[in-house]
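No value in this document is a laboratory result; all are computed from the given coordinates. Predicted model only: the values in this text are computed from it and were never measured. Note that we place each Cβ from the backbone using ideal geometry, even for glycine, and neighbour counts take in every protein chain shown.
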Amino acid sequence: MKNRPRKNVQRVILGSLVAAVALVGLAMPAVTVADETCQSPYMPKITGQEDFIYVWTLGVEGWGDGSDKLVTIDVRPDSKTYGTVIHSVSVGGRHEAHHGGFSDDRRHLWVSGLDSGKIFIFDVRTDPAAPKLTKTIDDFSKSSGGVVGPHTIYALPGRLMISGLSNDKDHGGPTALVEYTNEGDFVATHWLPTDTDPRGADIEKVADGYGYDIRVLPRRNAMLTSSFTGWSNYMMDFGQMLKDPEAMKRFGQTVTLWDLHSRKPKKVFHVPGAPLEIRWALGPTHNYAFTTTALTSQIWLIYEDSDGEWKSKAVADIGDPSKIPLPVDISLSSDDSTLFVDSFMDGKVRVFDVSDPHNPRQTYEKEIGSQVNMVSQSWDGKRLYFSSSLLANWDKKGDADEQFVKGYDWDGKEMTEKFSIDFAKEKIGRAHIMRFGAEDL
Amino acid sequence: MRRSSSRRGRAAPVVCVTLFLFVAALIAYRVFSIVLIEGRGGDVAVAAIQPGQDGGGAGQPASASSTEHEEGVVDPVESTTARVESDAIARPELAIGRTTEYDYDPPEPGSYTLPVIKPAGDGPVLRLDGKRGQLREMIDGRITVLSFIYTRCADPTACPYAMSTLHKIRTISEQDAEIAENLRLVTFSFDPDHDTPRTLADYTKALRRGDGAEWQFVTTESGKELSPILERYGQQVDRRKDPNHPLGPFSHLLRVYLIDRDGMIRNIYSSGMLDPRLVLTDVRTLLLEEQTRSKEATPDGGT
């Protein structure tokens, strides 16, 4: 009886705190559960400062052991080793290291080779400063029924969805999405719709069956995939390919909208010019996504109109399209207001105000290097990181073949370089995708 | 001299209510209902209900589509869609309608397949009556929805949300005999030190009332018996550095597993896709799959 008033107080305290936490927590946009704004919404979020950047790096003959490797850069601001490579794991051999992604629990980082098809799984949880290779998947193509070139590796609950770039029949663009368990076991293959097998999708103009990126919007049960080119092109020398009219015809021109839950394609948009990276808006009422087209240098908007129909349209040019700056990676700020667009050929990042997604407006640009590919930003938008390599056979030649990772502060008006690591001088390799790590996660 | 416990007793609620009102004012554009389920002994569980739903999952009136400011942007209010009456009867979960969290119509049951993900794990457990059993016994014989929680969890997007969703599913199953007869819910606490069978029994007393799908609650006797089970399911649980963390002593990802009658995991849900309508659509998809297999196995094809 004596304890009853205290228990009542405890109940009020607990109820109030939980209610307050509930209201605060649930007030955040539904999909803001990742750092780098492009990450899967099913993953835990790095709040505040990222500690490390994991860089999946292509090996170069004569540079160190010449193998692909996962490189760890220290980005803790107060660290004595800030802005330097503190760890590296070689996987042996050159596989055309390209992209990668975390499992939903963020304990493992999966990275892949576009040529060999191997997928390397690293433990980044036991010691985030020193990732450890724990498993290698070396039968991706066989298990998947002929998918080649594992590209985007994207976390779903308990699984990973991997986009292919090609197939083992003709090494062209038709390809599929492949699901794996977090433990690295094959689950299912979902082929992209084609003109001869649309798989129930509405085809706007053409269904090439090509793949590239995957991004989801769980709130709307929607998944988007984009389209690039097949193995016969991405493993070809860039200059040789440009001179080959038949090869230049073999680029994707579609973005596909899927029912995320049933894994069924619903609509194939005609987006000519090889649409690459996709970024869904993060606002709880924003039903749209951006992509950019590599060959036609445009920003495209995939959006839901007032009648509930999903549509696509070009909304802005990137630089001078006639000069083919080759837009590659993009990053959307967490408040959906700013889109960073890298272009490989002129080495620039262009910043667009996309507060009105139908009318993007460029507000800033900066040359990062002779060539630039990937861009990753912190959740608060104050830090940006860039890497250089696109593909081993597409990177520039000679002195123009700069290989780097660079970190910048961004105050909304100006980028200020904080560190620059010369991956060529350090004989590390061709720096490609970057993923953030944290000790507190 | 007598301590002024009465003054302290009055001050604490005032402070907390003030905090609550301040936070509520910051986010006044969203509306939530929170149901306090008070168990025996003063334990309090909080079930967070998604906006646009009442506690019993009653149907929402058909409404016009939400107002849109420009293409691609919708009003931050719930948009609900009511199925025609016949659909609602066949699939009562559709009466929940769309919400701001799940703004879509679920696919038709059987219109897609659920590939086998991996075998469901087994291990020794303690039931509410304190007796030992095997997790396998809880899964056998029915399609199972298994969730891992702990009662001290105060993360509204995790355990309370899972409990609320399973409660919703059970409530819906009271209207659907096929679901009630073929589905079992299993809630597994990974906090055996605190969530003893007695504690779980008290915590879940109100939840176990009524008809509908069977709902089992289990834990383990020790952390030693718990770890292998969590590993088999890939359910990672970490002890926070601060044992008094406001969200609870453990951090974990919300994971709920759909397991077929053969003991195979067929789907995994987490925050962002733990939509009771989707879970029940998946259950119905598995039931249709079983019916198809059964017909195909019959020599005359079922005719």
- [ ] Specify the inter-centroid distance of the range A:121-191 and the range A:273-337, based on alpha-carbon positions, in whole Å.
- [x] 26
- [ ] Arrange the peptides A:348-358, A:417-427, A:102-112 so that the one whose residues have, on average, the most other Cβ atoms within 10 Å appears first.
- [x] A:102-112, A:348-358, A:417-427
- [ ] Work out, step by step, the length gained on full extension between residue A:323 and residue A:363: first 0.36 nm times the residue separation, then minus their alpha carbon distance; give nm to one decimal.
- [x] 12.4 nm
TODO: Grab the beta carbon distance between residue B:262 and residue A:170, set R0 = 41 Å, and tell me the FRET efficiency rounded to 0.05.
DONE: 0.60
- [ ] Any chance you could tell me what percent of the C-alpha pair distances in the range A:330-382 go past 12 Å?
- [x] 62
Task: C-alpha center-to-center spacing [the range A:383-429, the range B:122-168] in angstrom - done: 49
- [ ] Provide Rg and Dmax in Å for the range B:83-186, with only Cα atoms included in the calculation.
- [x] 16.2, 47
- [ ] List, in order, the whole-Hz ³J(HN,Hα) value for each residue of the range A:133-148 obtained from phi through the Karplus relation with A = 6.51, B = -1.76, C = 1.60 and θ = phi - 60°; use x for Gly and Pro.
- [x] 6, 10, 7, 10, 8, 10, 10, 4, 5, 5, 5, 7, x, x, 7, 10
Task: Share of pairwise Cα separations in the range A:185-263, more than 22 Å, in percent - done: 34
Open item on the list: Using Cα springs under 10 Å in a Gaussian network model of chain A, which residue among A:347, A:92, A:101 shows the largest mean-square fluctuation?
Closed with: A:92
Open item on the list: Roughly how far apart, in whole Å, are the Cα centres of the range A:210-267 and the range B:184-210?
Closed with: 48
Open item on the list: Give me log10 I(q)/I(0) at q = 0.11, 0.21, 0.23 Å⁻¹ for the range B:138-223, Debye formula, one equal scatterer per alpha-carbon, no solvent.
Closed with: -0.29, -1.00, -1.16
Task: Theoretical ellipticity at 222 nm over chain A - DSSP helices of four or more residues, -39500 (n - 2.57) apiece, nearest 500 - done: -2500 deg cm²/dmol
Open item on the list: With every atom except the alpha carbons ignored, what do you get for Rg and Dmax of the range A:306-346, in angstroms?
Closed with: 13.4, 40
Task: Inter-chain Cβ neighbour average for residues A:213-224, partner chain, 10 Å - done: 3
Task: Rg to Rh quotient for the range B:118-294, alpha carbon positions, Kirkwood Rh - done: 0.95
- [ ] Please list A:93-99, B:103-109, A:50-56 highest first by mean number of surrounding beta-carbon atoms within 10 Å per residue.
- [x] A:50-56, A:93-99, B:103-109
Task: All-pairs Cα distance distribution in the range A:30-437, expressed in whole percent, bin size 20 Å - done: 30, 64, 7
Task: Projected label distance in nm at residue B:174 and residue A:84, using a 7 Å step from Cα toward the beta-carbon - done: 6.6
- [ ] Measure off 7 Å from each Cα along the Cα-to-Cβ vector at residue A:243 and residue A:205, then give the distance between these two points in nanometres to one decimal.
- [x] 3.0
Task: Estimated FRET transfer efficiency (residue B:224, residue A:414; beta-carbon r; R0 51 Å; 0.05) - done: 0.35
Task: Other-chain or far-sequence residues with amide H under 5 Å of residue A:40's (modelled H) - done: A:155
